[in-house]
Amino acid sequence: MNLLHLSLLALLALTSSRCGSEARAIDDVDNSIEAGGESQQPAQPLPLISHHSSGSALSRTRFGQDWIKFTKSPPAKMLQSSGTPIEIVCEVMGSQIPTIQWVVGHLPLSEIDTIESNVISESSASAIVKVRSVHIIDHLLSEPRIYTCVGRTGSKTVYASTTVYPQNDLKDLMQLREKPFMGPTKPRIVYSERMHLDLVGSNVVLPCKVHARPRAEVFWMNEEGNLIEQNQRFKLLPSGDLLISDIKWEDMGAYKCIARNAMGKDTADAFIYPVQKDDKN
């Protein structure tokens, strides 16, 4: 058992009186460590592209090794109602800072492990992060289509697919041209971190990617419900992400991203766990 794991257990003891998202996130980290960081296999693997974890399975996960697992896999099948956007949710947790991207259509399994990530992310060998991504289909499908969630960190890749079926009769299919849903929409946060654990002194970027029409205003609030003002350590990036430089022990807590436009708002919570560094050489 190494320093980071011991720190987590100590953190759990120190914060046992606190509840809600913090307690759940601590359990998530500890359970992932005990589970060996292996991806969860579905009861019935999908044809063509199935739930898969590349690389050899570890009997026990250690910090400093690459590992990734699904904490919420996308469903195998979904039905799109006529005129209604559809959302597919995927969530992974892993070492360093895992990323999620979506592949649309059929893709040979041999190519999934080699595709390049289109997600720009910070890198931290000491981090453990839970990432959530929502893929929004905002156009009417004319035929069934496969959407694959690909999670990656270091040398490890996991993926799972959803087949989306349109709900149309034959006459509709003959006339359909995959029309997008036009008009304004309320914001939907489509990429965020649910939990971020890293060493004290690290720089942390909490992503908050938003899908909205018209464009949404993005701002952040702290655990006390106060608006986070930009200063030397806290910066709101043009992308809507929050950069926290040189994280300190007192930065531990929940941070809420809020996206708002005239149609409504959406929120996403992220919890930061600073871990004390090992002073030993």
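Which condition breaks for Leu140 when tested against (1) surrounded by 15 or more Cβ atoms within 10 Å (Cβ to Cβ); (2) at pLDDT 80 or above; (3) under 30 Å from Leu206 (Cα atoms); (4) not hydroxyl-bearing (Ser, Thr, Tyr)?
(3)
How about the stretch 186-198: which of its residues are open to solvent by 40 Å² or more (accessible area, probe 1.4 Å) and either within 30 Å of Glu143 (Cα to Cα) or modelled with pLDDT under 95 (or both)?
Result: Lys186, Arg188.
Name the one entry in Val210, Val205 that is assigned to a strand (DSSP E or B) and either farther than 18 Å from Ser124 by Cα or open to solvent by 50 Å² or more (accessible area, probe 1.4 Å) (or both).
The unique qualifying residue is Val210.
Which ones in the stretch 152-184 are at pLDDT 85 or above, of a type in the set (A, V, I, L, M) and over 30 Å from Lys130 (Cα atoms)?
None; the set is empty.
Out of the stretch 80-104, which residues are open to solvent by less than 20 Å² (accessible area, probe 1.4 Å) and of a type outside the set (D, E, K, R)?
Answer for the stretch 80-104, where residues must be open to solvent by less than 20 Å² (accessible area, probe 1.4 Å) and of a type outside the set (D, E, K, R): Gln80, Ile86, Ile88, Cys90, Val92, Met93, Gly94, Ser95, Pro98, Thr99, Ile100, Gln101.
Suppose the filter is surrounded by 16 or more Cβ atoms within 10 Å (Cβ to Cβ) and either without any contact (Cβ under 8 Å) to a residue 40 or more places away in the chain or not in a strand (DSSP E or B) (or both); does Lys256 pass it?
Judged against the criteria, Lys256 is a match.
Counting only residues that are under 23 Å from the mean Cα position of the chain (by Cα) and either without any contact (Cβ under 8 Å) to a residue 24 or more places away in the chain or farther than 24 Å from Val190 by Cβ (or both), how many does the stretch 226-245 have?
Count: 5.
With the requirement that a residue be among the charged types (D, E, K, R) and modelled with pLDDT under 70, what does the stretch 67-119 give you?
Glu111, Asp113, Glu116
The values are calculated or read from the model by the stated rules, or taken from the named source; none is laboratory data. All values reported here derive from a predicted model rather than from experimental measurement. Don't worry about glycine lacking a Cβ; one is built from the backbone with ideal geometry, like all the others, and counts go over all protein chains shown. Ligands, DNA and RNA are stripped out before the accessible areas are found, and what is left, the full protein with its side chains, is counted by its heavy atoms. Shrake-Rupley method; radii C 1.70, N 1.55, O 1.52, S 1.80 Å.
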